1. When both residues are 6+ apart or on different chains and their Cβ atoms are under 7 Å apart, which pairs have a first residue that lies in the stretch 86-101 and is polar (S, T, N, Q), and a second that is at pLDDT 95 or above and open to solvent by 40 Å² or more (accessible area, probe 1.4 Å)?
2. Starting from residues that are modelled with pLDDT of 90 or more and either among the β-branched types (V, I, T) or at negative phi (or both), keep the ones in the stretch 216-229 and report whichever is nearest to the chain's Cα centre (by Cα).
3. Report the residue count in the stretch 291-315 for those that are crowded, with 21+ Cβ neighbours inside 10 Å and under 17 Å from the mean Cα position of the chain (by Cα).
4. In contact with a Ser or Thr (Cβ under 8 Å, 6 or more places away or on another chain) and among the hydrophobic types (A, V, I, L, M, F, W, C), is that true of W323?
5. What is the residue count in the stretch 320-348 for residues that are of a type in the set (V, I, T) and more than 25 Å from K211 (Cβ to Cβ)?
6. Residue pairs, Cβ under 6 Å, 6 or more apart or interchain, first in the stretch 245-273 and under 29 Å from L113 (Cβ atoms), second open to solvent by 70 Å² or more (accessible area, probe 1.4 Å) and aliphatic (A, V, I, L, M). List them.
7. Looking at A397, is it closer than 30 Å to D210 by Cβ and within 19 Å of the chain's Cα centre (by Cα)?
8. So is F296 on the phi < 0 side of the Ramachandran plot and either at pLDDT 95 or above or hydroxyl-bearing (S, T, Y) (or both) or not?
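The values are calculated or read from the model by the stated rules, or taken from the named source; none is laboratory data. Because the structure is predicted, anything quoted here is derived from the model rather than measured. We place every Cβ from the backbone using ideal geometry, glycine too, and count neighbours over all the protein chains shown. In case anyone asks, the SASA skips ligands and DNA or RNA and just uses the protein heavy atoms, side chains included. Shrake-Rupley method; radii C 1.70, N 1.55, O 1.52, S 1.80 Å.
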Amino acid sequence: HSYFFWLASAATSSRLIWTQALVANPSGVRFARLFSQSATTSLSTKPARKLPNPTTNVASHLRFHQVSTALKMSSDAAAPLFKRAKLDDAISQKVIGTHSGTFQADEAMGVFLLQQLPEYRNSPVVRSRDLQVLEEKADIVIDVGGVYNHETKRYDHHQRDYDERFDPERCTKLSASGLVYRHYGKDVLKHHYPLLPDKLLQVAYDKIYDKLMMALDAIDTGVEMVPEGVESLYRDSTGLSSRVGRLNPRWNEVDAETGSKPDPDQRFALAVKLCGQDFLSVMTSVVESDLPARSFVEEALLKRTEVDASGEIIAFLSGGMPWRDHLYELEKIHEVEKLIKFVLYTDQSGMWRVQAVTVEGKAFVNRLSLPEKWRGVRDADLAGIANIKTARFVHAAGFIGGADEYDDALEMARVALQQQ
């Protein structure tokens, strides 16, 4: 047999630990939930949770201890890699220079990134368009000066012949913050996560660019979100660039206490802080959530034919894990010919979900949806139409459904595959 495990929850008051194991065998795939109760608490003190589709022939104390030991060893070993270091509050004597006047998220993010490094930790900022002032006072200059030269620490992107990109296939040139991220982004990540190995560091570096930095580059360098000739149905003003833009003093704004216009340098400091909050949020999500999930997604992908002979269905032991981007990347890495159409997992209530995989780059277009006649139907009506006993619902858009039993959720996916 082959096993991979997921620790669902630990009820500390009753010391009840639930463990779920994937068991692959010649007759297919079954999921068994095992549990252990400490000697200090009897089962009679608190009713055990009723679990769907219990499997009794694998519920042994030996198996449980193997599972729980493996989980603990895996968790303990991985935890330090994804543990964020606490940075000091030192203030570097080196000065960061950028332009004065109206500011954007571009240079605000660039300043924040530099201030994460020991060399420029919490460095003061000089804002000026006077090149002589910047030359005399700044140790590093971004988004002004008309020069990109890593050796002299000058990072502007407004030159006529400029065409620097994160990689050749990107839709956008690098803005000033993009240049800073290109040269110093990995150092920033390494400073926050010193134990992260190089392979995972590269994955995190690429993902943060995709999830955050690329949009800042595109907005600052004038790349439209939709192709030419296609009218956007709505405009998004909730993004980081818009929020930073609103920090600029308004043309008619007067400070209620001083009666003067707001200090633009103080507002820029707020913009740097705002960019920092977004960067740290994305970085934490990528390193502490996305990266630990990657190995589980790869394991499920490699074992896909043990779930179903089609190789187009994979199963996770729990929902809530970020899997979509990993799946797209890993399908390419492993040269998967028949792309995954459905993902099975349990939700917080214990229901098995069957979710369609979207087309890469699309938010609402599925590779294959659940059958039309099931959509918007629930409970007994759905069970009757689908002829699947514990089928509980299918969303009206056909992208997700659910069943009480794993076998029935799997059957829902299989029927959908047969109808494609």
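1. S92/E119; S92/N122; T98/V125; S100/R129
2. Top of the filtered list is L216.
3. 2
4. So W323 fails the test.
5. 1
6. What qualifies is L247/L270.
7. When the stated conditions are applied, A397 does not pass them.
8. When the stated conditions are applied, F296 does not pass them.
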